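To start, I am sharing the structure in question, which I have written as structure tokens.
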Amino acid sequence: VEGALLSPFRNPCSPTAAIIDMDKSDLYYHLESSEGTSTESIDTEDEDSDRDGLPFLLEITPMERLPVLARKIERCRASNDRAIFTRIARKHILEEISEFLATRAGRECFSHVHIQHLLVDMISSHILMQRSRSKRFRLETSQRSEMDLVYKLLFQIATSRRLQTLAKPGLLPKQLCSGLVDLIDSDSKEERDSLRYILYRIYKDYSQYRTHFKRIIADVLLRHVYEEQDHRGINELLMMYSCVIKGLQVPLRPSNVEFLAEILVPLHRVKNVAPFHEELVECMVEYCRKDERLLSIVIREMMRVWPWRNSTKQLLFIDELETLMEMMQQDQLDELKDEFFPFFGCLLKSDHYQVLEKALSFWKNLSFVESGYFGAVYSKELLPNIYSPLLKAFDHWHRDVSNLAKFVLKIYQMMATDTFERCQEAEIADAEMQDQIAAAWENLEVLADLNMALLRQEAEEI
């Protein structure tokens, strides 16, 4: 994981990367040759300060390191200065600080509260400046590389056990945490992955931020559901939270159950659920593994918001429903059967052949048939709801749908003969009733025509 975060945005073939990797002694020559300008255009005093005033941290005595490190951190604060020298110098110092903190001398300097605050303030300045930019603003390659180094430094502070033991409680400000969640809406997949790792490690290792994180994540998800705000980082947030769910202790706290019922489950209402549906299902499964009683909450909400007019979304929901039902126990199905079986009968009435085929594929799952959910045990409750749609699908134009319907009818004919015969008799009686109703309507139409003819004849006589 740490290796994946070292340079996710950086193109090693780019000129900027080449400049970053060169020695400081070659930096000025490169600027002169690439830009076609003389180093005299750079302030001589600043140049000397960069060379001589701020030496390498590992090349000076321990007494000199703290003030030099503080000055280097101050120079790395985010600014609107777009000069190429400023950017290159800042990246070079960020790399040096990151390498320095990995050493014993760096940890000794980090133990000072003043250095910790300077580091976090510097990181916050970059995060908040990036947060204040428009979402449509695309970072240049050099800016992405600089943000990559900032993320690397923050990840180092958040994940290093040795640095965590030295960190002051409450070191990371809540404003910084909120900014990280906002930045996960980035158009860069690599940046979103980096932020996901950082957010998870902060959530995992710094318990004092968990309530705040849950609050701002809930705000992002609810805005996506009810205000239909486009957000590119929903799947990353759900991936992060699925890892959080795995670490929850049983029995679950009421606040965690509330987060499922009021924040995660309503995400099924989103019209375009496909980009993050896999991660959403993972969250549902992890919650239900912790407490199987939560299955009823999830399935009831899915039935309530079922997308009857969106066949693509129905296919995703059917896959999720099958995954959840594989975890279901018999007592849970007893609780849901009065709602679920009529619902499934309506599902088999779909005019879309793919929806119908996927729904009929439930009987190809041997665990459902052998457990009795779609077999003999619940045949008295289920078969009356699905018998008529199965007969209609028996003559379907699509061969796979027709074959599946025949297969399901054969299962019930063999495993629940009595129930099958009663449904068959009820279907015949219903067909006869429909014929009688149709005949009655025909008689009424004939009588209506006779009455109209008599009325016309009386009108003509008058």
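Every number here is computed from the coordinates shown, using simple stated rules; none is lab data. The structure displayed is predicted, hence computed values, not measured ones. Cβ atoms come from the backbone with ideal geometry, glycine included; neighbour counts cover every protein chain shown.
Determine the alpha carbon to alpha carbon distance for each of LYS271/LYS358; LYS290/LYS364; LYS271/LYS349; LYS189/LYS364 and list only those over 30 Å.
With Cα atoms farther than 30 Å apart: LYS189/LYS364.
Along the stretch 220-228, what does the Karplus equation 6.51 cos²θ - 1.76 cosθ + 1.60 (θ = phi - 60°) give for ³J(HN,Hα), rounded to whole Hz, x for Gly and Pro?
Residue by residue, the stretch 220-228 yields 5, 5, 5, 5, 5, 7, 9, 9, 6 Hz.
Contour minus end-to-end for VAL225 and ARG269, with contour as 0.36 nm per residue of separation and end-to-end as the Cα-Cα distance?
15.2 nm
Can you work out the FRET efficiency for the pair LYS349 and HIS114, with r the C-beta to C-beta distance and R0 = 56 Å, to the nearest 0.05? Could the numbers behind the result be given before it?
Values: r = 70 Å, r/R0 = 1.26.
About 0.20, to the nearest 0.05.
Could you check the spin-label model distance between LYS189 and TRP397? Points 7 Å from the Cα along Cα→Cβ, value in nm.
3.8 nm
Provide the gained length on full extension for the span ARG289 to VAL305, in nm with one decimal, where the gain is 0.36 nm per separating residue minus the Cα-Cα distance.
Extra length from ARG289 to VAL305 when fully extended: 3.4 nm.
Additional query: Rounded to the nearest 0.05, what FRET efficiency is calculated for GLN208 and CYS243 with R0 set to 22 Å and r the Cβ-Cβ distance? Before the final figure, lay out each step's value.
Working: r = 19 Å, r/R0 = 0.86.
Efficiency at R0 = 22 Å is approximately 0.70.
Taking Cα centroids, how far is the stretch 402-440 from the stretch 205-244 in Å?
Their Cα centres are 49 Å away from one another.
Further question: What's the FRET efficiency of ARG107 with GLU262 using the Cβ-Cβ distance as r and R₀ = 60 Å, to the nearest 0.05? Display every interim value, and only then the final one.
Details: r = 43 Å, r/R0 = 0.71.
My answer for the efficiency is 0.90.
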